[in-house]
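Student: Let me give you the structure first, and then I'll get to my questions.
The values are calculated or read from the model by the stated rules, or taken from the named source; none is laboratory data. Just so it is clear, the structure is predicted and the values come from calculations on it, not from any experiment. Note that each Cβ is placed from the backbone with ideal geometry, even for glycine, and that neighbours are counted across all protein chains shown.
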Amino acid sequence: MTKQPSQAQQQDYKEKMQFEQQQIRRRMSRIKHKILILSGKGGVGKSTVAVNLAVSLALAGKRTGLLDIDIHGPSIPQILNMEGKVVRAAENVILPVEMTDKLKAMSIGLLLQTRTDAVIWRGPMKYQMIKQFLKDVEWGDLDFLVIDSPPGTGDEPLSIVQLLENADGAIVVTTPQELALSDVRKGINFCRNLKLHVLGVLENMSGFVCPQCGARTDIFKSGGGEKMAEEMDVPFLGRIPIDPQIVQACDSGRPYIQAYKHSEAAKAFSQAIQAFMEMD
């Protein structure tokens with residue numbers, strides 16, 4: 001039979017939790033806006049969207065942090081070519097990697113020995129890791145913290161929303177086909193259940209425009225995200241077309257919006273951030 005903790009132990013645990021939450025509040029008070037990037041299912045390009053939105057904000061002159069809380073499949077280090085970067089600690093804080101003078105990033109992928117290391121953790125371990133990212137990472141003063149959350153409505157998105165307490169809202173990423181849209185509806189309802197404002201829906205992989213002839217092909221259909229956003233009464237932030245150069249940019253570790261800033265997809269990313277660029 002498991003021994004129950006004493007009243008004194010319960011009180012110590014409660015005080016420890018309160019102290020850690022106060023640390024998070026102090027750290028997060030230096031960040032003006034916290035935005036989650038969510039998706040109802042995997043494979044919709046959520047991490048690519050998170051990176052390019054964060055880079056768009058940085059290029060617009062906003063002090064931006066990018067936090068990757070995908071514990072089991074962290075892809076931010078590869079997309080930003082951060083592999084080999086060393087995470088430093090100083091005076092009991094963790095220092096995020098400075099990509100530019102306007103962009104900082106942090107991911108559990110930077111703490112693994114190799115890219116192929118598997119993180120085999122249950123919920124409590126993931127919760128503690130996310131809590132450490134919030135209370136111990138020294139972001140400094142930021143305009144925006146963009147948080148890339150794993151797909152679905154499980155441990156990681158639930159933990160980050162509860163720990164942040166006052167996130168500005170979430171951008172929900174989808175692809176146009178109904179298979180993805182049905183799960184995105186669940187993601188929007190997840191936000192509503194947690195009283196997290198939905199900043200908008202962004203439709204990724206929305207049609208392919210031939211770079212030679214300019215002809216458009218809707219490989220995964222088109223317009224489903226906008227229709228669903230209207231049905232769910234949330235803003236629609238735009239469509240990101242399919243571009244093979246996005247894949248090349250992700251594999252090479254060079255942010256797409258920086259490498260191909262005149263492309264239609266880059267323009268769509270830049271337009272998407274206008275919805276929250278001028279937050280007070």
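Student: Which members of segment 137-166 meet the condition of being in contact with a helix residue (DSSP H, G or I) (Cβ under 9 Å, 6 or more places away or on another chain), closer than 17 Å to Lys62 by Cβ and not in a strand (DSSP E or B)?
Tutor: Trp139
Student: Out of all the residues in segment 97-111, is one or more touching a Ser or Thr at 6+ places or on another chain (Cβ under 7 Å), closer than 20 Å to Ile76 by Cα and not in a helix (DSSP H, G or I)?
Tutor: Residues of segment 97-111 that are touching a Ser or Thr at 6+ places or on another chain (Cβ under 7 Å), as a first pass: 102-103.
Retained after the next criterion (residues that are closer than 20 Å to Ile76 by Cα): 102-103.
If we keep only those that are not in a helix (DSSP H, G or I) as well, we get 102-103.
Yes, there is a match, as at least one residue in segment 97-111 is touching a Ser or Thr at 6+ places or on another chain (Cβ under 7 Å), closer than 20 Å to Ile76 by Cα and not in a helix (DSSP H, G or I).
Student: Shifting gears a bit: So Met28 clears everything in (1) crowded, with 19+ Cβ neighbours inside 10 Å; (2) over 21 Å from Gln274 (Cβ atoms); (3) at pLDDT below 95; (4) among the hydrophobic types (A, V, I, L, M, F, W, C) except one condition, right? Which one?
Tutor: For Met28, the failing item is (3).
Student: What are the pairs, 6+ residues apart or on separate chains, where a residue within segment 147-174 that is farther than 17 Å from Pro124 by Cα has its Cβ under 7 Å from a residue that is of a type in the set (A, V, I, L, M, F, W, C) and in a loop (DSSP other than H, G, I, E, B)?
Tutor: Every condition considered, the pairs that remain are Ile147/Ile69; Asp148/Ile69; Ala167/Leu196; Asp168/Met279; Gly169/Leu196; Ala170/Leu196; Val173/Val44; Thr174/Val44.
Student: So Arg122 ticks every box in (1) over 20 Å from the mean Cα position of the chain (by Cα); (2) farther than 21 Å from Val161 by Cα but one. Which box is left unticked?
Tutor: Exception for Arg122: condition (2).
Student: Moving on to the next point. Note down all Cβ pairs under 8 Å where the first residue falls in segment 57-85 and is at positive phi, the second is buried (at least 17 other Cβ atoms within 10 Å of the Cβ), and they're at least six residues apart or on different chains.
Tutor: From segment 57-85, the pairs are Gly61/Lys102.
Student: Moving to a separate point now. Just to be sure, is Pro255 surrounded by fewer than 14 Cβ atoms within 10 Å (Cβ to Cβ), farther than 18 Å from Val172 by Cα and at pLDDT below 85? Lay out the reasoning, then the answer.
Tutor: Numbers: surrounded by fewer than 14 Cβ atoms within 10 Å (Cβ to Cβ): no; farther than 18 Å from Val172 by Cα: yes; at pLDDT below 85: yes.
When the stated conditions are applied, Pro255 does not pass them.
Student: Still on this structure, I have one more. How many of the residues making up segment 154-182 are surrounded by fewer than 21 Cβ atoms within 10 Å (Cβ to Cβ) and at pLDDT below 85?
Tutor: Number of matching residues: 4.
Student: Can you name every residue in segment 228-240 that is over 18 Å from Gln274 (Cα atoms) and in contact (Cβ under 8 Å) with a residue 12 or more places away in the chain?
Tutor: Within segment 228-240, the first condition is being over 18 Å from Gln274 (Cα atoms), and the residues that meet it are 228, 230-233.
Within segment 228-240, Met228, Met232 meet the criteria.
Student: Taking segment 83-96 as the search range and keeping residues that are in a strand (DSSP E or B) and in contact with a helix residue (DSSP H, G or I) (Cβ under 8 Å, 6 or more places away or on another chain), which one is nearest to Phe133 (Cα to Cα)? Show your work before the answer.
Tutor: Step one: of segment 83-96, the residues in a strand (DSSP E or B) are 88-90, 93-95.
Subsequent filtering for residues that are in contact with a helix residue (DSSP H, G or I) (Cβ under 8 Å, 6 or more places away or on another chain) retains 93-94.
Details: Val93: 10, Ile94: 8 Å.
Only one residue fits best here, namely Ile94.
Student: If Gln245 passes every condition in (1) surrounded by 14 or more Cβ atoms within 10 Å (Cβ to Cβ); (2) touching a residue at least 60 places away in the same chain (Cβ under 8 Å) but one, which one does it miss?
Tutor: Just one mismatch for Gln245, condition (2).
Student: Please count how many residues of segment 41-59 are assigned to a loop (DSSP other than H, G, I, E, B) and either touching an Asp or Glu at 6+ places or on another chain (Cβ under 8 Å) or within 11 Å of Leu80 (Cα to Cα) (or both). Please lay out each step first, then the result.
Tutor: In the first step, residues of segment 41-59 are kept if they are assigned to a loop (DSSP other than H, G, I, E, B); the result is 41-45.
Narrowing the set further to residues that are either touching an Asp or Glu at 6+ places or on another chain (Cβ under 8 Å) or within 11 Å of Leu80 (Cα to Cα) (or both) leaves 41.
Residues that pass the stated criteria total 1.
Student: Within segment 18-26, identify whether any single residue is within 16 Å of Gly109 (Cα to Cα), part of a helix (DSSP H, G or I), polar (S, T, N, Q) and touching a residue at least 60 places away in the same chain (Cβ under 8 Å), and answer yes or no. Don't jump to the end; show me each part of the working.
Tutor: Keep residues of segment 18-26 that are within 16 Å of Gly109 (Cα to Cα), which gives none.
Within segment 18-26 (the criterion being within 16 Å of Gly109 (Cα to Cα), part of a helix (DSSP H, G or I), polar (S, T, N, Q) and touching a residue at least 60 places away in the same chain (Cβ under 8 Å)), the answer is no, since none of the residues qualifies.
Student: Among what's in segment 35-87 and is more than 15 Å from Gly152 (Cα to Cα) and among the polar types (S, T, N, Q), pick the residue that is surrounded by the fewest Cβ atoms within 10 Å (Cβ to Cβ).
Tutor: Asn81
Student: Got a sec? Which of Gly187, Gly225 is in contact (Cβ under 8 Å) with a residue 60 or more places away in the chain and crowded, with 22+ Cβ neighbours inside 10 Å? Even if it seems obvious, please write down each step before you answer.
Tutor: Values: Gly225 fails: in contact (Cβ under 8 Å) with a residue 60 or more places away in the chain.
Matching residue, one of Gly187, Gly225: Gly187.
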